[in-house]
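Read-outs: derived from the displayed coordinates by stated rules, not from any lab. Treat the numbers as computed from the prediction; the structure is a model and nothing was measured. All Cβ positions, even for glycine, are placed from backbone atoms using ideal geometry, and neighbour counts span all protein chains on display.
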Amino acid sequence: MKLIVEKNYDCISKIAAELIANEIRKNPNVVLGLATGSTPIGTYKELIRMHKEEGLDFSNVRSFNLDEYLGLEGNNPNSYRFFMNENLFNHINIDINNTFVPDGKASEPREYCKLYDKKIEDAGGIDIQILGLGENGHIAFNEPDDSLSIGTSIVDLTEETIKVNSRFFDSPEEVPKKAITMGIGSILKARKIILLANGERKAEAIRNILKCERISTQNPASFILLHHDVTIIVDEEAYSKSK
Ligand code: GLP
């Protein structure tokens, strides 16, 4: 595991964007694993800048997103498909048909989950996976539990996550109670993993990774420590409880 501690959010965003851009320059057909949430927004802004000012070319890039709320259409402003279009895809030259976000309205969600993993496999697997971190240690929507799914699955969101994520909705009641998420196994299959965290509210979850001696399904993020190529990029506030 490689740890990078930077002064602030801007710095971690620039480093993450540079790592992604390097992968794209090395392999224009790269398969990106993308995340939503507030954390990667700065990284996406920097990638957009690189596209506009430096000609970073996404025309052959394919992408798979980690998760989606169950029941939300892609045109719902709270859906992760909408988020990705708004915060990245609409501003770069990626072919939208090469961008995959789990379908929150899939008619057979359980079958759909299997298909999503198959789609990733058929694309050759994810080359570089970006991860944010839940305050409770979740990655994607893999919530702390007695067991965790290996593949993409339908999960119940915890009360805590519903509360934390309600800041994007008009009220907590509007937050869907279920989601489709790539599983821990789907995530660990990526060739490289980058986990990003910033701000004091992530300090405990970061400490629970960096000081972790035993992986646990109650701390889903601890599983990334089993990966051979993982880089954790944090700002000083997120690192503050790990010193
Ligand atoms: C959501 C997403 C996660 C994300 C997390 C953290 O629950 N499903 O993939 O990592 O939020 O969000 P934020 O970056 O806004 O703190």
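A few points about this structure:
- In this Cβ point-charge picture (+1 for Lys and Arg, -1 for Asp and Glu), region 137-243 has a dipole of about 440 debye about its Cα centre.
- Helix-only [θ]222 nm of the chain, DSSP H runs n ≥ 4, -39500 (n - 2.57) each, per residue, nearest 500: -9500 deg cm²/dmol
- The packing ranking, built from the mean of other Cβ atoms within 10 Å per residue, places the peptides 100-108, 164-172 in the order 100-108, 164-172, highest first.
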